[in-house]
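The values are calculated or read from the model by the stated rules, or taken from the named source; none is laboratory data. None of the values given here were measured: they were computed from a predicted structure. Ideal geometry is used to build each Cβ from the backbone, glycine not excepted, and the neighbour counts take in all protein chains shown. All accessible areas refer to the heavy atoms of the entire protein, side chains included, with ligands and DNA or RNA removed. Shrake-Rupley method; radii C 1.70, N 1.55, O 1.52, S 1.80 Å.
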Amino acid sequence: DTGVSQDPRHKITKRGQNVTFRCDPISEHNRLYWYRQTLGQGPEFLTYFQNEAQLEKSRLLSDRFSAERPKGSFSTLEIQRTEQGDSAMYLCASSPGPVGIYEQFFGPGTRLTVL
Amino acid sequence: QKEVEQDPGPLSVPEGAIVSLNCTYSNSAFQYFMWYRQYSRKGPELLMYTYSSGNKEDGRFTAQVDKSSKYISLFIRDSQPSDSATYLCAIYGNNRLAFGKGNQVVVIP
């Protein structure tokens, strides 16, 4: 079963360091999404791609965050100059398009801890 | 006002009981209503979704949407210890999902 995969699963870093996460969506899914989830909260939307185009970014995505999906397949999310408030689970999801575009399948997440 | 409100209180039930979960939402334009299940330290897993108003049943799970009152519900019949997880309601609109805070459900054997 080739579901959504994310790497790494856990990342511990010191404040001020840069980190990069990778997401591999389900094969042939056109849309890829990034969400952030903090303890006791539901996931919050960060950004999404339609193929390689980044079509929307949430106001939660400060200028320290950048996401790419260079060839419309895998995606990376980079956080520069990490802050303790960035500690969260970063979730990636993908969905087929156009039919079933609302069915988002999530990966296992990358848990980030900023010390 | 948040797009989706879900009272995040934990819920403990004995095995075999019916679990009832609900959410309210604010944007009447949304048409797709989802329920996700999330085990500890895992990603959310899509349980089922409903389009517009009505009921949808899948085994022991029933999802209901009442668009007139902007109310969505999930019922789990004959609950099992393996159903112990956090259940998140979500609505799809504007190219993204908006989630509630989730309910942690514990089914006691």
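For (1) open to solvent by 60 Å² or more (accessible area, probe 1.4 Å); (2) closer than 27 Å to B:Lys2 by Cβ, each residue gets a yes or a no:
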site	(1), (2)
A:Ser5	no, no
A:Trp34	no, yes
A:Leu55	yes, yes
A:Asp63	yes, yes
| Near pairs, Cβ below 7 angstrom, 6+ apart or cross-chain, from segment A:53-65 (within 12 Å of chain B (Cβ to nearest Cβ) and farther than 14 Å from B:Asn95 by Cα) to any residue that is of a type outside the set (Val, Ile, Thr) and surrounded by 12 or more Cβ atoms within 10 Å (Cβ to Cβ) | A:Leu60/A:Arg36; A:Leu60/A:Glu44; A:Leu60/A:Leu46
| note | Expected output for segment B:33-44 (first residue within 16 Å of A:Ala93 (Cα to Cα) and touching a residue at least 60 places away in the same chain (Cβ under 8 Å), partner among the hydroxyl-bearing types (Ser, Thr, Tyr) and open to solvent by 20 Å² or more (accessible area, probe 1.4 Å), Cβ below 8 Å, 6+ apart or cross-chain) is B:Met34/A:Tyr102; B:Met34/B:Tyr49; B:Met34/B:Tyr92; B:Gln38/B:Thr86
| message | Just checking: which of the strands (runs of 3 or more DSSP E) contained wholly in segment B:3-80 hold 3 or more residues that are open to solvent by 50 Å² or more (accessible area, probe 1.4 Å) and over 26 Å from B:Asn95 (Cβ atoms)? | response | B:11-14
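Quick one: how many residues across segment A:100-110 are more than 7 Å from every other protein chain (Cβ to nearest Cβ) and open to solvent by 50 Å² or more (accessible area, probe 1.4 Å)? Lay out the reasoning, then the answer.
To start, the set of residues in segment A:100-110 that are more than 7 Å from every other protein chain (Cβ to nearest Cβ) comprises A:100-101, A:110.
Imposing the further condition that a residue be open to solvent by 50 Å² or more (accessible area, probe 1.4 Å) reduces the set to none.
Qualifying residue count for the region: 0.
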| Single condition B:Val106 does not satisfy, out of (1) β-branched (Val, Ile, Thr); (2) more than 14 Å from chain A (Cβ to nearest Cβ); (3) surrounded by 20 or more Cβ atoms within 10 Å (Cβ to Cβ) | (3)
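Confirm whether A:Pro70 is within 24 Å of B:Trp35 (Cα to Cα) and either in a loop (DSSP other than H, G, I, E, B) or within 14 Å of another protein chain (Cβ to nearest Cβ) (or both).
Numbers: within 24 Å of B:Trp35 (Cα to Cα): no; either in a loop (DSSP other than H, G, I, E, B) or within 14 Å of another protein chain (Cβ to nearest Cβ) (or both): yes.
Considered against the rule, which asks whether it is within 24 Å of B:Trp35 (Cα to Cα) and either in a loop (DSSP other than H, G, I, E, B) or within 14 Å of another protein chain (Cβ to nearest Cβ) (or both), A:Pro70 comes out as no.
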